[in-house]
Amino acid sequence: DQQVKQNSPSLSVQEGRISILNCDYTNSMFDYFLWYKKYPAEGPTFLISISSIKDKNEDGRFTVFLNKSAKHLSLHIVPSQPGDSAVYFCAAIHSGTYKYIFGTGTRLKVLA
Amino acid sequence: EPEVTQTPSHQVTQMGQEVILRCVPISNHLYFYWYRQILGQKVEFLVSFYNNEISEKSEIFDDQFSVERPDGSNFTLKIRSTKLEDSAMYFCASRADLITGELFFGEGSRLTVL
């Protein structure tokens, strides 16, 4: 039951260019979405979130876009830096409930 | 900055042994979680805990697993009789309330079952 999907297992981008990570979901009850970054042998680190009442949220180099009709969200990182190389997970939750559902992750490699 | 802390960072155990993983959530948070990640796989929900009881659990969280908040600060995950397939990274996480959406994770405890 994969309610949150990240169809690209990996992505390589040149330093300074834009990284676009994609996430799709199937459960229309989800109304809060988050992106996490994870380095090997470390816990996921919260990056940015978006509520379903918005279609865009920006924080520095990170912007998350939400397309509710397509049940799709994306994370844009610009400009990409080598330190951004990590696995990125999207997660979704129906507010007022407890369970966050995570995608399978996309490994981003930023090439210097 | 407040953070979730977990101990031990790595535990090696024999199959059939009991394991307790410990977590100290962020102090003013009310909701506590355990997730796990088997090597190379997705981050999987195990259990959520609020007001001294389980609020939700997954099908993975069977009778071998239990959680407890023995005092005002610690939150533990016990695996009664470990199996080889329990080998994974176990992440504790906490959340301030049901309105604030962000879930904050600890660094994880790596469990290796031999």
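What to note about this one:
- Residue list for region B:60-113, restricted to those being closer than 17 Å to B:TYR31 by Cβ and more than 12 Å from the chain's Cα centre (by Cα): B:GLY72, B:SER73, B:ARG95, B:ALA96, B:ASP97, B:LEU98, B:ILE99, B:THR100, B:GLY101, B:GLU102, B:LEU103, B:PHE104
- Residue within region A:81-88 that is touching a residue at least 60 places away in the same chain (Cβ under 8 Å), surrounded by 14 or more Cβ atoms within 10 Å (Cβ to Cβ) and outside any loop (DSSP other than H, G, I, E, B) present: yes
- Checking each residue of region A:27-37 against the condition of being touching a strand residue (DSSP E or B) at 6+ places or on another chain (Cβ under 6 Å), within 23 Å of A:THR97 (Cβ to Cβ) and of a type in the set (Lys, Arg) gives no match.
- Selected residue (criterion: farthest from the chain's Cα centre (by Cα)) from residues of region A:55-65 that are within 13 Å of chain B (Cβ to nearest Cβ) and surrounded by 12 or more Cβ atoms within 10 Å (Cβ to Cβ): A:ASN57
- Candidates A:ALA91, A:ALA86, A:ALA70, A:ALA112, filtered to the one that is hydrophobic (A, V, I, L, M, F, W, C) and either in contact with a helix residue (DSSP H, G or I) (Cβ under 8 Å, 6 or more places away or on another chain) or modelled with pLDDT under 95 (or both): A:ALA112
- Counting the residues of region A:54-71 that are in contact with a Phe, Trp or Tyr (Cβ under 8 Å, 6 or more places away or on another chain) and part of a strand (DSSP E or B) gives 4.
- Filter result for A:SER12 (among the small types (Gly, Ala, Ser), exposed (fewer than 14 other Cβ atoms within 10 Å of the Cβ) and not in a strand (DSSP E or B)): no
Per-residue answers, yes or no, for (1) surrounded by 15 or more Cβ atoms within 10 Å (Cβ to Cβ); (2) among the aromatic types (Phe, Trp, Tyr); (3) in contact with a strand residue (DSSP E or B) (Cβ under 7 Å, 6 or more places away or on another chain):
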residue	(1), (2), (3)
B:LEU21	yes, no, yes
B:PRO25	yes, no, yes
B:TYR33	yes, yes, yes
B:ASN51	no, no, no
B:GLU59	no, no, no
B:ARG69	yes, no, yes
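- Strands (runs of 3 or more DSSP E) fully within chain B that include at least 3 residues being within 13 Å of another protein chain (Cβ to nearest Cβ) and under 24 Å from A:CYS90 (Cα atoms): B:31-37, B:43-50, B:53-57, B:88-95.
- Test: A:LYS5 is within 12 Å of chain B (Cβ to nearest Cβ) and either without any contact (Cβ under 8 Å) to a residue 60 or more places away in the chain or surrounded by 14 or more Cβ atoms within 10 Å (Cβ to Cβ) (or both): yes
- Test: residue in region A:34-48 that is buried (at least 20 other Cβ atoms within 10 Å of the Cβ), in a strand (DSSP E or B) and either among the polar types (S, T, N, Q) or away from chain B (no Cβ under 12 Å) (or both): no
- B:LYS42 satisfies every condition listed in (1) more than 12 Å from the chain's Cα centre (by Cα); (2) closer than 19 Å to A:THR45 by Cβ; (3) touching a residue at least 24 places away in the same chain (Cβ under 8 Å) except (3).
The values are calculated or read from the model by the stated rules, or taken from the named source; none is laboratory data. Computed from a prediction, not measured in an experiment: that's the story for all the values here. Cβ: placed from backbone, ideal geometry, glycine included. Neighbour counts: every protein chain shown.
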